[in-house]
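Heads up, the thing below is written out as structure tokens.
Coordinate-derived values only; no laboratory data. The structure presented is a predicted model; accordingly, all values stated were derived computationally and were not measured. Ideal geometry is used to build each Cβ from the backbone, glycine not excepted, and the neighbour counts take in all protein chains shown.
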Amino acid sequence: MPAAGRPLAELELTLTGLAYGGEALGRDSGGRVVFVPFALPGERVQVQLLEQRRRWARARLLQVLQPSPDRTVPRCRHYAVCGGCHYQHMPYADQLRAKQSILREQLQRLGKVVDPPVEPCLPAASAWNARNQLQFHLDPAGRLGFIGHAQAEAGDPQVLPIQECHLPEPALSDLWPQLELEAIPGLERVGLRVGREGEAMLILHAEGPPQVDVALDLPLSVVWLWPGGLEVLAGSPHLTFEVLGREFRVSAPSFFQVQTALAGELVRLVMEGLAVAPGELAYDLYAGVGLFSTFLAAAGARLAAVEESPWACEDFVHNLEAFEGVELYEAPVEEALAGLTGSPQAVVVDPPRAGLAPAVLDRLIEWAPPRLVYVSCDPATLARDAARLQAGGFRLERAVPIDLFPQTFHIEAVTHWRR
């Protein structure tokens, strides 16, 4: 880091590639890698160094001296300021190619997978207005916003109020600008979700119990979430989503995929990799509300699922009530392993961004299922786990990135593994 009071160094760079995290990269005169946001390979840029290490540095983009012919005009006035998007300056086809390339590079460099079989990134139906949920913070005046990019860099959680956002579905895009909220003590953030047929929910995440009055002129449910529980202030505690003709109840605290339209493609890829036959034993680890379990049960598998969230478990039971031969363990996956004593023919894991715990990897290798599907939202932790799976006798057969997060660096991927 620069010494206190010393001016931050500026330099010119020619950028040569893209890194995971949304940054372009180049090398300084000493050969050190420098990461630069909001830039493209091939561009000549002027930057200011923010963080320096022996082998790498991070910089702020000051000026594009020689722009790439591929550079596009960002759609949003807040781009490069609000911190929510990273790729609006890049054509959508290039975003897809970048995500395919980054996933391949991570698997090869970190996962030691030789010639990883990474397929082209499945695109969203639209590069804009595709998300079914948003998370906002509130500024001191109660205005909706995001933690600004520069503020996040400086470690200052200052909220930037916004006037536009081009990521949410049309129903949410119409809704959020109409919300009028006051600054509420203890309110940490505000979530918005939209389900089937435009039904909407406002989720207030807070430190303590509700002490608010709600006056609604809009058709939406309002839920207050705090460490002590959930309180419905208006409407219903859950929404309904439809994927491949099946309905899923999703409560306010429960996780669900952020793109309803692509959730069906996600399910298809998972089911292709598991290839379950009636009567086979399948495990669904980190099962959520039962998105994959529902289709495994419908295929006739004997199913054991594990989910930690009590809210998601309640949704799971509701969503799979029509099926027999389904066991659900409400526990962290690491704690539930002792109860899973069978020899599964198929296993699907969909862990959080941190990836699989060592104990889970060890048990997967011990079970040695013929077919394993690993759904990942972070290629770095996927690659780390891939190295362990490969050393344990698994072979990566297929890797498909899916663009659930257009305009951002985030990469969802479905990987098929075989013994």
Assuming 0.36 nm per residue, please report the length gained on full extension of the stretch VAL114 to ARG268 beyond their Cα-Cα distance. 52.8 nm
List the GluC sites (Glu not before Pro) within region 152-242 that fall in a DSSP loop (any state other than H, G, I, E or B) and whose Cβ has at most 15 other Cβ atoms within 10 Å. GLU164, GLU180, GLU182, GLU207
Starting with the fewest neighbours, write out GLU321, GLU23 ranked by other beta-carbon atoms found within 10 Å of each beta-carbon. GLU321, GLU23
Taking the Cα centre of the chain as the origin, how large is its charge dipole in debye, to the nearest 20, when only Lys and Arg (+1) and Asp and Glu (-1) carry charge on their Cβ atoms? 2000
Against the rule of thumb 2.2 N^0.38 Å, how large the Cα Rg of region 10-71 comes out: 0.97
Roughly what would the spin-label model give for VAL317 and GLN48, points 7 Å off Cα along C-beta, in nm? 5.6
Would you order HIS89, HIS318 from fewest to most other beta-carbon atoms within 10 Å of each residue's own beta-carbon? HIS318, HIS89
Along the Cα→Cβ direction, 7 angstrom out, place labels at VAL33 and GLU207. What is the inter-label distance in nm? 3.9
For n ≥ 4 DSSP H runs only, could you compute -39500 (n - 2.57) per run for the chain, divide by its residues and tell me the 222 nm figure to the nearest 500? -6000 deg cm²/dmol
How far is it, in nm, from the label point at ALA93 to the one at GLU197 when both lie 7 Å from their Cα along the line to the Cβ? 4.0
Using R₀ = 35 Å, calculate the FRET efficiency as 1/(1 + (r/R₀)^6) where r is the Cβ-Cβ separation of ALA359 and ARG418; round to 0.05. 0.95
In whole percent, what relative contact order does region 10-71 give with Cα contacts below 8 Å and a gap of six or more residues? 31
Within region 193-222, list the residues whose amide N lies under 15 Å from a label point set 7 Å along Cα→Cβ of LEU233. 193, 201-222
By Cβ neighbour count within 10 Å, fewest first, THR341, THR415, THR294 rank THR341, THR294, THR415
Return the label of the correct value of mean projected area of the Cα convex hull in nm², as calculated from the structure shown, out of [x] 24.8; [y] 23.4; [z] 21.7. [z]
